[in-house]
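What follows is a set of notes on a single structure, which appears directly below.
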Amino acid sequence: MSAYHKPVMLKECLQGLAINPKGVYVDLTFGGGGHSRAILEHLDGGRLLAFDQDADAKANAEDIRSPSFTLIESNFKFLKRYLRVNGIAKVDGILGDLGVSSHQIDDAERGFSTRYDANLDMRMDRQLEVTAEKVINTYPEAMLHKVFGMYGEIRNAKTLASAVVSARVNRPIRTVADFKEILGRFAKRGKEFRYYAQAFQALRIEVNQELKALEEVLGQSAEVLGEKGRLVIMSYHSLEDRMVKNFINKGKVQGELEKDFYGNVLKPLKAVNRKPIMASEEELQSNNRARSAKLRIAEKID
């Protein structure tokens, strides 16, 4: 099984979903199809709808012949819309693996990786108009400061934004190498790779509006989950994990509490696991991508 198809914490995800063979499930991030294939093996009369906006997903799904399976080539933020199109009002479980697939990272021309030189693209959906190159070359300094600071959690985000704006006056910043040349001036010695990764993460999140899409799908998930339905979300960086944790525990991704007249917290879900589940040492030895994964499981409150 290639790295693309190697699903992270597969056993834990399946246990979290508590699959009913005749139930209806959603895989928000089909990718290589590893999680989806495993869910289908547990269905007998049930149904699985999988979302993915990357064109490669269609090719990865071509060998799935199960009548229980439907691939939806769209962003998962349209969850409610496509469930309605498919005649589904409630589902029994929703799974989301929020990581960028190894295949996408290793595809040099996509511009996701710091390891290869390529155009700064970073679009999950290649139909999007905004690329990383456009962000770098057209955003005002204040917006770049916000992107690097909020999405990359870069401490010297203001300085980096200023340097980018100064550099692009002389010539456009078009490639991974162009951008790394600027980043190299500000990265701490010995920690260059982490700095590059933070900056690239910031651009990728901005290009694909990932946090906005996550906020939207979390809200929709609470509406479409049936009684005791399960939400199983795996995140790979602190921004996403914080949003998922807040939504499960407080009902809002920003963490604000909403209470009823009696002071009870109004939230649609309850946590199944108090702390995030991490990959086992055994899995980490064979799948390095699992190292930063945090799995949270919640159940719809009656």
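Over the chain, with a Gaussian network built from C-alpha contacts below 10 Å, which listed residue (VAL207, VAL85, VAL26) shows the highest mean-square fluctuation?
Among VAL207, VAL85, VAL26, the largest mean-square fluctuation in the Gaussian network model of the chain belongs to VAL85.
Search the structure for amide H atoms under 5 Å from the amide H of ILE94, placed 1.01 Å from N in the peptide plane, and list their residues when 5 or more places away or on another chain.
Hits under the 5 Å cutoff: VAL26, ARG230, LEU231, VAL232.
Taking amide H positions as placed 1.01 Å from N in the peptide plane, with prolines and chain starts having none, which residues 5 or more places from ILE72, or on another chain, fall under 5 Å of its amide H?
ALA50, PHE51, ASP52
If packing is taken as the average number of other Cβ atoms within 10 Å across a peptide's residues, how do 48-56, 265-273 rank, most packed first?
Descending mean neighbour count gives 48-56, 265-273.
Take every DSSP beta bridge whose two residues both sit in the chain, then give the antiparallel share in percent to the nearest 5.
Around 40 percent antiparallel, to the nearest 5.
Could you work out which residue, out of GLY263, GLY152, GLY31, moves most in a Gaussian network model of the chain, that is, has the largest mean-square fluctuation with Cα springs under 10 Å?
Largest GNM mean-square fluctuation: GLY263.
Based on a Kirkwood Rh over C-alpha pairs, give the Stokes-Einstein translational diffusion coefficient of the chain at 20 °C and viscosity 1.002 mPa s in µm²/s.
After rounding, the answer is 106 µm²/s.
May I ask you to give the solvent-accessible area per residue for the range 109-231, in square angstrom, as obtained with a 1.4 angstrom probe?
Value for the range 109-231: 51 Å² per residue.
Helix-derived [θ] at 222 nm for the chain: sum -39500 (n - 2.57) over DSSP H runs of at least 4, divide by residue count, nearest 500?
The per-residue figure over the chain is -11000 deg cm²/dmol.
Averaging sequence separations of C-alpha pairs under 8 Å and six or more residues apart, then dividing by the length of the chain, give the relative contact order as a whole percent.
18
Relative to the longest principal axis of the chain, what angle (0 to 90°, nearest 10) does the C-alpha long axis of helix 192-208 take?
60
For the chain, give the percent of accessible area contributed by carbon and sulfur heavy atoms, probe 1.4 Å, rounded to a whole number.
48
Can you work out D for the range 107-195 in µm² s⁻¹ from Stokes-Einstein, where Rh is the Kirkwood radius over C-alpha pairs, the temperature is 37 °C and the viscosity is 0.692 mPa s?
245
Take the residue pairs LYS191/LYS294; LYS77/LYS250; LYS58/LYS275 and return only those whose Cα atoms are more than 32 Å apart.
In this structure, LYS58/LYS275 lie more than 32 Å apart at Cα.
Could you give the nm distance between label points at LYS212 and LEU284, where each point is 7 Å from its Cα heading toward the beta carbon?
Distance between the two pseudo-spin positions: 3.6 nm.
The values are calculated or read from the model by the stated rules, or taken from the named source; none is laboratory data. None of these values were measured; they are calculated from a predicted model. Note that each Cβ is placed from the backbone with ideal geometry, even for glycine, and that neighbours are counted across all protein chains shown. Please note that ligands, DNA and RNA were not included when accessible areas were found on the heavy atoms of the full protein model with its side chains. Shrake-Rupley method; radii C 1.70, N 1.55, O 1.52, S 1.80 Å.
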